[in-house]
Amino acid sequence: MKTLKGNNIYIRALEPNDLEFIYAIENDQSIWEVSNTNTPYSRFLVKQYLENAHQDIYEAKQLRLAICQDQDFPAIGLIDLFDFDPRNNRAGVGIVIQKNENRNQNVGSEALELLIEYAFYNLNLHQLYANIGTENVASTALFTKFGFEMIGIKKDWTLHQGYYKDEAMYQLINTKF
């Protein structure tokens, strides 16, 4: 069985010292469009979230993991399983890499590969899905690289800066485990 460690990165559970990192991610207005966020988060709310981050995925219906590059432990991104549905063995996947210098370094690819293996092997999920704005070329390339297939377009799905945008749904069926 593979662990949550790749060649260049590892993904780990959230820690209390991730507060400032998560606070910065959640309040980064440039990614609110993809995270469906409308209002800022306080440090108090993020601290409460971290205090409950120990909950099992079956209880919380989500799993958020920090993406790290080295043994120093600081996070450079987050990868999530959300809307976990144990009855139908599926979950959504979301990923964010915080800084541009960490993007296009295969960090997202390695993290997604580790999460797919974990979801299919350890959680016995049958399928994963991702909702990606049709204009988001980088995310589309990342998910299709791992076999996610577009199964439909949600027309005028998200409102951003006064314009409605389409969102595509991508799905990966577990055929290996």
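Listed values, structure above:
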{"read-out": "Per-region count, segment 138-163, residues modelled with pLDDT under 95 and open to solvent by 60 Å² or more (accessible area, probe 1.4 Å)", "value": "6"}
{"read-out": "Of the criteria (1) at positive phi; (2) more than 13 Å from the chain's Cα centre (by Cα), which one TYR170 fails", "value": "(1)"}
{"read-out": "Output for segment 86-97, where each listed residue is in contact (Cβ under 8 Å) with a residue 12 or more places away in the chain and either farther than 17 Å from ASN8 by Cβ or part of a loop (DSSP other than H, G, I, E, B) (or both)", "value": "PRO86, ASN88, ASN89, ARG90, ALA91, GLY92, VAL93, GLY94, VAL96"}
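Condition check ((1) assigned to a helix (DSSP H, G or I); (2) without any contact (Cβ under 8 Å) to a residue 12 or more places away in the chain; (3) open to solvent by 60 Å² or more (accessible area, probe 1.4 Å); (4) not hydroxyl-bearing (Ser, Thr, Tyr)) across all residues:
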{"site": "SER30", "(1), (2), (3), (4)": "yes, yes, yes, no"}
{"site": "THR39", "(1), (2), (3), (4)": "no, yes, yes, no"}
{"site": "LYS47", "(1), (2), (3), (4)": "yes, no, yes, yes"}
{"site": "ARG64", "(1), (2), (3), (4)": "no, no, no, yes"}
{"site": "LEU78", "(1), (2), (3), (4)": "no, no, no, yes"}
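Conditions (1) part of a strand (DSSP E or B); (2) not small (Gly, Ala, Ser), marked per residue:
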position	(1), (2)
LEU125	no, yes
ALA130	yes, no
GLU135	no, yes
SER139	no, no
GLY147	no, no
ILE153	yes, yes
GLU167	yes, yes
TYR170	yes, yes
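The values are calculated or read from the model by the stated rules, or taken from the named source; none is laboratory data. If you're wondering where the values come from, they're calculated on a predicted model, not measured in any experiment. All Cβ positions, even for glycine, are placed from backbone atoms using ideal geometry, and neighbour counts span all protein chains on display. Side chains included, ligands, DNA and RNA excluded: accessible areas come from the protein's heavy atoms. Shrake-Rupley method; radii C 1.70, N 1.55, O 1.52, S 1.80 Å.
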